[in-house]
Amino acid sequence: MPERVRRFWLSSDPSQGYSSWFRLLISALAGAGLALSFTWLNFPVYAWVSVGVLMMMALGARPRVAYFCGHVHAVAFVVTSVPWIAEVLAVHGGMSLPAGWGVLLLIATAWGVLTGGFAWGVNRISRAHMTLACAAAPFLWVTSEFVRAHLPEISFPWNLLGYSAAQNLVLAQVGTVTGIYGLSFVMAAFNALLAWADAAKATTFAKRFGPIAVSILALLAAYGGERFLPQAQAGHFARAVQPNFPEVESYPGDWFERYAGDMDDLEQLSLAQSAHAPDLIVWPEAPAPFSWQDNRFSKRASSLAIRAGHPFLAGVVEWKSEMLPSGHMGQAPYNSAVLVDPQGQRIFVYDKRHLVPFGEYEPFPLIHRVVQNVSSEVGGFHKGQVASIGQLPGGYKFGVFICYEAIYPGEVREFAAKGANLLMNISNDGWFGKSAAADQHLRMARVRAVENRRWVLRVTNSGLTAAIDPYGRVYQTIPRDVRGAADLPYDFRTDTTIYTRFGDWFAWLCVAVSVILLATTFRKTT
């Protein structure tokens, strides 16, 4: 039998040092360990070493083995950090649990291709120069995350590496210059330093581990420096109402009659007297048939704003007459936010621009039959097109991003770039159940506040409802899974960060450097 047939495609080379299967196993364990920085344990140290371990396994391996080290690392990370995706599809989407896990594995596979590409790129560059490969690693890592955030139709930049670093407020301030990708770069660079120290065995001990010791001391100083950050002053309060409505797939025609008592409760919570004298009322995106086109809701909303004497913002389904894909005029639904002024008039509408694939629209019509099994509403919502800016009394401007849009830094940045002095995030995280997803979602919204140096009012159906100041401090006052209200501090900011002004310049720089470095490895030498 020919040698190329007899040799298994993942077989080891004696010069590799480790067997291929050992490399794959350790890479998978490192991916699962990384999840510990994003789940209930919330222990960031794993994020500072996991990618380094992956690089150690990729360096010196066959190219295909290096790729699969990255692939299994990502798959293990996905299934351990976001298992709630499978649970949501099973509990609320009408799927069986095995089918829900099948979808999760498809997502993990897509991530695996990108992380596998990272490991393969590091491995390829290392064949020319080991130190250059380690120096290139943070650029390659950021590139893989940036591509994940911009995949057509199915982008999902959830739990990027830098979000773990952002738990430290001092490190989080890097985001004002580079966005979240700068934080991912810092973490990937430290991981690469660990991998370099392991690979550069010919270098003296002091030269290998001295930089690591210096880096650790700098990180410890950052973790102790939060008290030196400025205190953001809040001159206003918003009444945030957390309805805690149950998650349902459909609404009966007499919903407002059945839930009249609940609506009365929400009004009382909105209007209750407070020493803080709130000047804004916010209701979240909620599992309820709120629509301005339905008089049963619009009359209540107008009355509430008039009685309060302050603007009222709420999540609604907005119906608009437009040409449908069938070629006929009809009513198209949008996931929207509306602002009602103190005179009871609707003066602002924002239509959600980034819909949840498989949840709010069909990304691929060819799988229509499969998607229909996920939710009766899939494919129903239309995408908004404009980052609309609203205005509050006093002339101050605000922007609203809805639920899932919080994970897209470039899209949230558009509001601040257009002059928004305040950001609001309304969300329904009740679908996540008791999982870590709500905490992960809040963590990402927190970075949006820092990137743009804006207060963020985050109001949810069942938690976590909170105010986030421009430096990332979180003010949370409503327990999870209860109906309640809280006066959240906020203020208006007019300063502009480098990130707000120039957007994802740093991520694009990483893409350019990665392309150049990889291209040089294909250059023929004479």
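All of the numbers you see were taken from the coordinates with simple rules; none came from a lab. All figures in this text were calculated on a predicted structure; none of them were measured in a lab. Here the Cβ is made from the backbone with ideal geometry for all residues, glycine too, and neighbour counts use every protein chain on show.
Just a few scattered comments:
- For Met329 and Leu106, a Förster radius of 41 Å and the Cβ-Cβ distance give a FRET efficiency of 0.65, rounded to the nearest 0.05.
- Residues His382, His71 arranged by fewest to most Cβ contacts within 10 Å: His382, His71
- Once the Cα atoms are used to define both axes, helix 295-308 deviates from the longest principal axis of the chain by about 80 degrees.
- Of the chymotrypsin sites (Phe, Trp or Tyr not before Pro) in segment 491-526, those whose Cβ has at most 16 other Cβ within 10 Å and which sit in DSSP loop: Phe522
- At full extension, Leu509 and Ala200 could sit 108.5 nm farther apart than now, given 0.36 nm per residue minus the alpha carbon distance.
- Rounded to the nearest Hz, the phi-derived 3J(HN,Hα) couplings of segment 75-83 under the Karplus curve 6.51 cos²θ - 1.76 cosθ + 1.60 (θ = phi - 60°) are 4, 5, 5, 5, 5, 9, 9, 10, x, where x marks glycine and proline.
- Ranked Glu247, Glu285, criterion: other C-beta atoms within 10 Å, fewest first: Glu247, Glu285
- Gained length - Lys299 relative to Leu29, 0.36 nm times residue gap less alpha-carbon distance: 91.6 nm
- With both labels modelled 7 Å from their Cα along Cα-to-Cβ, the Glu322 to Ala213 distance reads 6.2 nm.
- Given their separation in residues at 0.36 nm each and the Cα-Cα distance between them, Asp264 and Leu229 gain 8.4 nm when the chain is fully extended.
- Convex hull volume of the Cα atoms of segment 180-265, normalised per residue: 216 Å³.
- Surface/4 of the Cα convex hull for segment 375-526, nm²: 13.2
- Put a plus charge on the Cβ of each Lys and Arg, a minus charge on the Cβ of each Asp and Glu, and nothing anywhere else: the dipole of the chain about its Cα centre is then about 2140 debye.
- In degrees, nearest ten, helix 260-271 long axis to first principal axis of the chain (Cα): 80
- Computed helical MRE - 222 nm, the chain, DSSP H runs ≥ 4 contributing -39500 (n - 2.57), nearest 500: -14000 deg cm²/dmol
- Interchain or long-range residues, amide H under 5 Å from Phe348's placed H: Leu339
- Percent of alpha-carbon pairs separated by more than 22 Å within segment 226-359: 45
- Between the Cα long axis of helix 97-126 and the first principal axis of the chain there is an angle of about 50°, rounded to the nearest 10.
- For segment 501-512, 3J(HN,Hα) per residue [Karplus equation, 6.51 cos²θ - 1.76 cosθ + 1.60, θ = phi - 60°, Hz, x = Gly/Pro]: 6, 10, x, 7, 4, 5, 4, 5, 4, 4, 4, 5
- Convex hull (Cα only) mean projected area of segment 236-490, reported in nm² to one decimal: 13.6
- ³J(HN,Hα) computed for each position of segment 26-39 - Karplus, 6.51 cos²θ - 1.76 cosθ + 1.60, integer Hz, glycine/proline x: 5, 5, 5, 5, 5, x, 5, x, 4, 4, 5, 7, 10, 9
- Going by neighbour counts of Cβ atoms within 10 Å, the residues Thr204, Thr460, Thr500 line up, fewest first, as Thr204, Thr500, Thr460.
- Packing, taken as the mean count of other beta carbons within 10 Å per residue, orders the peptides 158-166, 261-269 from highest to lowest as 158-166, 261-269.
- Approximate spin-label separation Ile347-Trp40, in nm, with each point projected 7 Å along Cα-to-Cβ: 4.6
- Scattering profile of the chain at q = 0.06, 0.12 Å⁻¹ [log10 I(q)/I(0), Debye over alpha-carbon scatterers]: -0.32, -1.13
- Calculated SAXS-style log₁₀ I(q)/I(0) at q = 0.11, 0.17, 0.24 Å⁻¹ - segment 105-197, Debye, Cα scatterers: -0.33, -0.76, -1.20
- For segment 63-156, applying the loop criterion from DSSP together with a ceiling of 13 other beta carbons within 10 Å to the trypsin sites (Lys or Arg not before Pro) yields Arg127.
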